[in-house]
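What follows draws every value from the coordinates through simple rules; no lab data is involved. Since we're looking at a predicted model, the values are computed, not measured. Glycine also receives a Cβ, built like all others from the backbone with ideal geometry; neighbour counts cover every protein chain displayed.
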Amino acid sequence: MNIIIVLTPLIGTIFGVMYFYNSKEFVELLLAQPIKRSSIFLGQYLGVAISLSASLVLGIGIPFLLYGIFLSQDIFNFLFLLLDGMLLTFIFVGISFYISLCNNDKIKGFGYSIALWLFFAVIYDGLFLVSLIMFEDYPLDKFSLIATILNPIDLSRILVLLKLDISALLGYTGALFQKFFGTNLGLVISLTMLFTWVLGPLYFFIRHSKKKDF
C-alpha cells in the first residue's frame, strides 16, 4: 500500500515534468495550427495520466491476477487500492504539468515539482505531527480533518484504511473520519475530495495555458 501511495505520485511527477519539457517544441508547432489550446494541453495531460494509470493497473494487476486475487475475498480492497493509485497519478501529473507550464526553466520546474512531492509525502506529515504535539491540550478534531483533506497522499492513505476497516492502524486523523462519518460516508467524502484534487490542478493548468505566451 505504501509503495503505491508514495511512489505513484513520484513517478507521475517525474514523467509529467519530463514529458512536458521534452514535447515543448512539438506543442509550439501545434499551437501554430488552427487547434484550440485547451484541446492540445488537455490531450497532453490525459495521454500521460492515462498511460501511467494503465501501466500501474497492468504492472500490479497481472501478478495479482496470477496469484488468484479475483477469486479472493480481498478483490474489492485490491480494486480500491488500484483506484487510489490512479487518482494519485492524475493528481500529480496535473500538478507537475501546471508547475512546468509556469516555469520555462526546466531545472526550476523539475526542482519545484520534486520539492512539492517531498512536501506532501514526508514534510507535511512531520509538520502535522509536530503541531499535534505542540497543541495537544487543545481540541484538534476539525484541524486534523482539514489538514488531511489538504494533502492528497494522506487522504488516499485514509481512503484505503477506511476500506480495509482497520481502525487500529488508522491513526488520529483516520479515526476521526471513522468516528464522525462512518466507513461508507468517510469513503464518499475521501473520494469526493480526491476528485476535487484531480480537477483543481487540471483547471489551473488549462486556464494558464490559454494565457501563456509561447
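Note on Lys36/Lys106: beta-carbon distance plugged into 1/(1 + (r/R0)^6) with R0 of 35 Å gives a FRET efficiency of 0.85. GNM on the chain, alpha-carbon springs under 10 angstrom: the most fluctuating residue among Val17, Val48, Val27 is Val27. Note on the chain: Rg/Rh from C-alpha atoms, Kirkwood Rh, equals 1.02. Expressed as an acute angle from 0 to 90° and rounded to the nearest 10, what is the orientation of the C-alpha long axis of helix 171-211 relative to the principal long axis of the chain? In the chain, helix 171-211 runs at an angle near 10 degrees to the longest axis.
Bridgeable lysines around Lys106 (alpha carbons under 24 Å apart, same-chain partners fewer than 8 residues away excluded): Lys24, Lys210, Lys211, Lys212. Stretching Lys142 away from Val188 to a fully extended chain increases their span by 14.8 nm, per 0.36 nm per residue minus the current alpha-carbon distance.
Here is the result for the range 1-108: no chymotrypsin sites (Phe, Trp or Tyr not before Pro) lie in DSSP coil with at most 11 other C-beta atoms within 10 angstrom of their C-beta.
For Lys163, which lysines qualify as cross-link partners when the Cα separation must be under 21 Å and same-chain residues fewer than eight apart are set aside? Within reach: Lys179. Helix 124-134 and the long axis of the chain differ in direction by around 40°, with both axes built from C-alpha atoms. The protection proxy used here, the mean number of other Cβ atoms lying within 10 Å of each residue, ranks peptides 2-14, 145-157 as follows, highest first: 145-157, 2-14.
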